[in-house]
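Engineer: The structure under discussion is supplied below as structure tokens; questions concerning it will follow.
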Amino acid sequence: MKYEGIIFDFNGVILWDTEWNVEAWSKVTEELLGKPISKEQIEKIHGRTVSETFRDLLGPSAPAQEVAKWGKRKEEIYRQIAVSKGERFSLSPGCEQLLSLLKRHSIPKTIATASGPVNLKFFIDNLFLDKWFDLEKIVYDDGNLSGKPSPVMYLRAAQKLSLPPVKCIIVEDSIMGLASARNAKVGKIIALGPKNEREKLRQTEGVAKVITRLNEIGLSDFES
């Protein structure tokens, strides 16, 4: 087996919640700035930690407690939106099929997410992630994590799997996340996105395969 483990981005990959995050950011920036966040700013947010984004919005001299307060507020709004989605608040289409395949073949796997500990617990409790993942191996924003496109998140995840990055597959959905995977010098990058974004993702540097659902990943992807 050429690739021995797989690392998943969470938001937009295991949980299809990109629109919910955009809605949460729009609401919180309207509270903070009196106007919703711009499309250009949204594109730069995906994969970054919440604190990094609020430092940009509030300015470099903003007190840490102010950054923390608004970060907490944004995540509160996001969780309210997620719960309101009912059955849509579930693992993405094809996810369970892929996770079952990986489990049957004892292929190491983990998650690397810019979410903080409160949101991570929210996801674990509501999506039963402990059924599929070793929770101790999940990489999240513990306050000492650089957001994407820094490679740190994926380098830590590979280390948690006791594998060199070159032996890992990474599944990502955002341009910033794909850059992070590329900067980590992983063995294979798989991009996930809707059909109307397939060409854009396919042309992104370093992407080996483009999918629309996780069950499009199979054992053959670990061989070549």
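The values are calculated or read from the model by the stated rules, or taken from the named source; none is laboratory data. The structure displayed is predicted, hence computed values, not measured ones. Don't worry about glycine lacking a Cβ; one is built from the backbone with ideal geometry, like all the others, and counts go over all protein chains shown. With ligands, DNA and RNA removed, areas are computed over all heavy atoms of the protein, side chains included. Shrake-Rupley method; radii C 1.70, N 1.55, O 1.52, S 1.80 Å.
Engineer: Let me spell out the model: positive unit charges on the Cβ of Lys and Arg, negative unit charges on the Cβ of Asp and Glu, origin at the Cα centre of the range 47-109. What dipole size does that give, in debye rounded to 20?
Structural biologist: On the way: 12 positive and 7 negative charges, 35 e Å.
For this selection, approximately 160 debye.
Engineer: Something else: In debye, nearest 20, what is the charge dipole magnitude of the range 1-110 about its Cα centre with +1 on Lys and Arg Cβ and -1 on Asp and Glu Cβ, if you could check? Could you put the intermediate results ahead of the total?
Structural biologist: Numbers: 17 positive and 16 negative charges, 49 e Å.
Dipole about the Cα centre, nearest 20: 240 debye.
Engineer: Across the range 198-208, in residue order, what do the Karplus-derived ³J(HN,Hα) couplings come to in whole Hz, using 6.51 cos²θ - 1.76 cosθ + 1.60 with θ = phi - 60° and x for Gly and Pro?
Structural biologist: Karplus values, whole Hz, x for Gly and Pro: 4, 5, 4, 5, 4, 8, 6, 4, x, 6, 8.
Engineer: While we're on this one: What do you get for the angle between helix 64-84 and the principal long axis of the chain? Use alpha-carbon atoms, 0 to 90 degrees, nearest ten.
Structural biologist: Orientation of helix 64-84: about 60 degrees from the principal axis.
Engineer: How far is the Cα center of the range 121-146 from the Cα center of the range 197-224, in Å?
Structural biologist: What the calculation gives is 24 Å, centre to centre.
Engineer: Expressed as a fraction of 2.2 N^0.38 Å, the rule-of-thumb size for a compact globular protein of N residues, what is the C-alpha radius of gyration of the range 75-162?
Structural biologist: On the way: Rg = 13.9 Å, N = 88, 2.2 N^0.38 = 12.1 Å.
Relative to the rule-of-thumb radius for its length, the range 75-162 sits at 1.15.
Engineer: Still on this structure: Using the alpha-carbon atoms, what tilt in degrees (0 to 90, nearest 10) does helix 95-104 show relative to the longest principal axis of the chain?
Structural biologist: Here the helix axis deviates by roughly 40 degrees.
Engineer: Related question: Where does each of 88-97, 181-190 land if you order them by average Cβ count within 10 Å, highest first? Kindly include the intermediate steps, with their values, before the conclusion.
Structural biologist: On the way: 88-97: 16.0, 181-190: 22.0.
Highest to lowest by the protection proxy: 181-190, 88-97.
Engineer: Between Arg104 and Lys185, take the C-beta separation as r, use R0 = 35 Å, and let me know the FRET efficiency to the nearest 0.05.
Structural biologist: Numbers: r = 29 Å, r/R0 = 0.83.
For R0 = 35 Å, the calculated efficiency reads 0.75.
Engineer: Would you tally the net charge around Arg55, using a Cβ to Cβ cut-off of less than 11 Å, leaving Arg55 out, and scoring K and R as +1, D and E as -1? Could you put the intermediate results ahead of the total?
Structural biologist: Details: positive: Arg48; negative: Glu52, Asp56, Glu66.
Net charge around Arg55: -2.
Engineer: Heavy atoms only, probe 1.4 Å: what % of the accessible area of the range 1-133 goes to carbon and sulfur, would you let me know? Before the final figure, lay out the partial values.
Structural biologist: Details: 3450 of 6660 Å².
The value for the range 1-133 is 52 percent carbon and sulfur by accessible area.
Engineer: While we're here: Residue farthest toward the positive end of the dipole of the range 184-224, with Cβ of Lys/Arg at +1 and Asp/Glu at -1: which of Gly218, Asn196, Ala208?
Structural biologist: Most positive-ward Cα: Asn196.
Engineer: What FRET efficiency do you get for Gln65 and Asp125 if R0 is 22 Å and r is their Cβ-Cβ distance, rounded to the nearest 0.05? Provide the component values of the computation, followed by the final result.
Structural biologist: Values: r = 27 Å, r/R0 = 1.24.
About 0.20, to the nearest 0.05.
Engineer: Provide the FRET efficiency to the nearest 0.05 for the Glu205-Gln159 pair, computing r from the beta carbons and using R0 = 35 Å. Don't jump to the answer; show the numbers that get you there.
Structural biologist: On the way: r = 24 Å, r/R0 = 0.69.
Computed FRET efficiency for Glu205 and Gln159 comes out at 0.90.
Engineer: Can you report the principal axis dimensions of the range 72-224 using only the alpha carbons, biggest first, rounded to whole angstrom?
Structural biologist: Computed over the range 72-224, the largest-to-smallest principal extents equal 41, 33, 33 Å.
Engineer: Go ahead and estimate [θ] at 222 nm for the chain from helices alone: -39,500 (n - 2.57) per DSSP H run with n ≥ 4, summed, over the residue count, rounded to 500.
Structural biologist: Details: 9 runs with 97 residues, N = 224.
Value at 222 nm, helices only, nearest 500: -13000 deg cm²/dmol.
Engineer: Go through the range 11-23 residue by residue and turn each phi into a ³J(HN,Hα) via Karplus (6.51, -1.76, 1.60, θ = phi - 60°); whole Hz please, and just put x for glycine and proline.
Structural biologist: 5, x, 10, 6, 10, 7, 10, 4, 5, 5, 5, 4, 4
Engineer: Find the accessible area per residue for the chain; the probe is 1.4 Å, ligands and nucleic acids are left out, and the unit is Å². The partial results should precede the final answer.
Structural biologist: Details: 10980 Å² over 224 residues.
Per-residue accessible area for the chain comes out at 49 Å².
Engineer: A further question on this structure: Quote the convex hull volume per residue of the range 1-157, based on C-alpha atoms, as a whole number of Å³. Intermediate results must be reported in sequence, preceding the final value.
Structural biologist: Values: hull volume 19.1 nm³, N = 157.
In the range 1-157, the Cα hull volume divided by residue count equals 121 Å³.
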